[in-house]
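The values are calculated or read from the model by the stated rules, or taken from the named source; none is laboratory data. Fair warning: this is a prediction, and the values are worked out from it, not measured in the lab. All Cβ positions, glycine included, derive from the backbone under ideal geometry; neighbour counts span all protein chains shown.
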Amino acid sequence: MQQLDRLWNYQKADMDVVRYETEMRQFPMRQKLLKLRNLVADQQTLVKGMENDAAAALERLEAMRALHEKLQAQCAEVSEKLAQEGGFESAQQARKALTQLQESDTKLRACEKDLSHMVRDSQHMGARYKEIRQKAIKARDEYTKLKAVYDVEFAKQSEKLNALKAAREEAAKDIEAAYMDRYTAIRGQAMPPMAKLVNGDQCGGCNMSLPAVVMQNLRSKDRIIECENCGRILYVEN
């Protein structure tokens, strides 16, 4: 058997591996598993983000509550002094205290309003967090169950793939390094890297007609002749 014949048989085994690897990647259960994995990852990222937002919101809420208590204390202190006879040395001081009381009261009301909004927002956030976390748990459980089933199927597929790869390795025996090296180089640019001569003078890879000198070389020597158009190794079946 000539080298090009061996290389052609090797390509058949090589394409069997490529086709089966493609089937494995496109296997419906694998595609569903990948989608579930991405969903779980997205949900976990969302949950983590909400946890960070909740922590920041809690800090703001605590700061607002502290401000609220401070304003209440200020209002109580000024009110008490205004109610006391002789609480201020002059009418000017009393008027200043009254102005301060009004300002503190305005701030206090605004603070209470903000607190009310923050509490409401935190309740909504809590409900949303619970919903998303439940979805994340459900997706993770579904992923775990499906992966257990897929792992069994993947083991079977891997066994068949290994058999195909073994057949490819067997087909590579007795192929000279120069032929294999050229096949590998072309394989990185065109798949499949070899093309059969069809219709008497056409490349089966690109369907272009071959020049007469190429046809003469193909029929006279067992050496690598490439299509001038697509670069594939041309093969003439005996």
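Determine whether Asn229 is surrounded by fewer than 17 Cβ atoms within 10 Å (Cβ to Cβ), in a loop (DSSP other than H, G, I, E, B) and outside the structural domain of Asn38 (by TED's automatic domain parsing). Give the steps one after another, and end with the answer.
Values: surrounded by fewer than 17 Cβ atoms within 10 Å (Cβ to Cβ): yes; in a loop (DSSP other than H, G, I, E, B): yes; outside the structural domain of Asn38 (by TED's automatic domain parsing): yes.
It is true that Asn229 is surrounded by fewer than 17 Cβ atoms within 10 Å (Cβ to Cβ), in a loop (DSSP other than H, G, I, E, B) and outside the structural domain of Asn38 (by TED's automatic domain parsing).
Restricting attention to region 159-168, does a residue exist that is in contact with a Phe, Trp or Tyr (Cβ under 6 Å, 6 or more places away or on another chain) and not assigned by TED's automatic domain parsing to the domain that holds Met29? No.
For the condition in contact with a strand residue (DSSP E or B) (Cβ under 6 Å, 6 or more places away or on another chain) and surrounded by 12 or more Cβ atoms within 10 Å (Cβ to Cβ), what is the one hit in Lys196, Lys165? Walk me through how you get there before you give the answer.
Working: Lys165 fails: in contact with a strand residue (DSSP E or B) (Cβ under 6 Å, 6 or more places away or on another chain).
The conditions single out Lys196.
Residues that are closer than 11 Å to Met64 by Cα and of a type in the set (A, V, I, L, M, F, W, C) were ranked within region 93-118; the one that is modelled with the highest pLDDT is Ala110.
Matching residues to (1) among the hydrophobic types (A, V, I, L, M, F, W, C); (2) more than 24 Å from Arg25 (Cα to Cα):
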{"position": "Arg128", "(1), (2)": "no, yes"}
{"position": "Ala139", "(1), (2)": "yes, no"}
{"position": "Tyr183", "(1), (2)": "no, yes"}
{"position": "Arg187", "(1), (2)": "no, no"}
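Among residues of region 172-184 that are touching a residue at least 24 places away in the same chain (Cβ under 8 Å) and farther than 11 Å from Gln11 by Cβ, those with a Cβ under 7 angstrom from a residue that is surrounded by 15 or more Cβ atoms within 10 Å (Cβ to Cβ) and among the basic types (Lys, Arg), sequence gap 6+ or separate chain, pair up as Asp174/Arg6. Filtering region 39-47 for residues that are at pLDDT below 90 and surrounded by fewer than 12 Cβ atoms within 10 Å (Cβ to Cβ) leaves a non-empty set. Taken over region 21-38, the residue count meeting the criterion of being more than 28 Å from Ala127 (Cα to Cα) and buried (at least 16 other Cβ atoms within 10 Å of the Cβ) is 2.
Here Ile175, Ile186, Ile224 are screened, and the one residue that is among the β-branched types (Val, Ile, Thr), part of a helix (DSSP H, G or I), on the phi < 0 side of the Ramachandran plot and surrounded by 12 or more Cβ atoms within 10 Å (Cβ to Cβ) is Ile186.
Exactly one residue out of Arg187, Arg232, Arg219 is among the basic types (Lys, Arg) and farther than 21 Å from Asp16 by Cβ, and it is Arg219.
With the structure loaded, tell me whether Arg223 is modelled with pLDDT under 95, of a type in the set (Lys, Arg) and within 30 Å of Arg37 (Cα to Cα) or whether it fails that test. Spell out the reasoning first.
On the way: modelled with pLDDT under 95: yes; of a type in the set (Lys, Arg): yes; within 30 Å of Arg37 (Cα to Cα): no.
No.
Being closer than 30 Å to Ile225 by Cβ, assigned by TED's automatic domain parsing to the domain that holds Leu108 and not acidic (Asp, Glu) narrows it down to one residue among Arg6, Arg25, Arg65, Arg19; which is it?
On the way: Arg6 fails: assigned by TED's automatic domain parsing to the domain that holds Leu108; Arg25 fails: closer than 30 Å to Ile225 by Cβ; Arg65 fails: closer than 30 Å to Ile225 by Cβ.
Every option except Arg19 fails the conditions.
Answer yes or no: is there a residue in region 148-155 that is crowded, with 16+ Cβ neighbours inside 10 Å, part of a helix (DSSP H, G or I) and either on the phi < 0 side of the Ramachandran plot or touching a residue at least 12 places away in the same chain (Cβ under 8 Å) (or both). Yes: region 148-155 contains one or more residues that are crowded, with 16+ Cβ neighbours inside 10 Å, part of a helix (DSSP H, G or I) and either on the phi < 0 side of the Ramachandran plot or touching a residue at least 12 places away in the same chain (Cβ under 8 Å) (or both).
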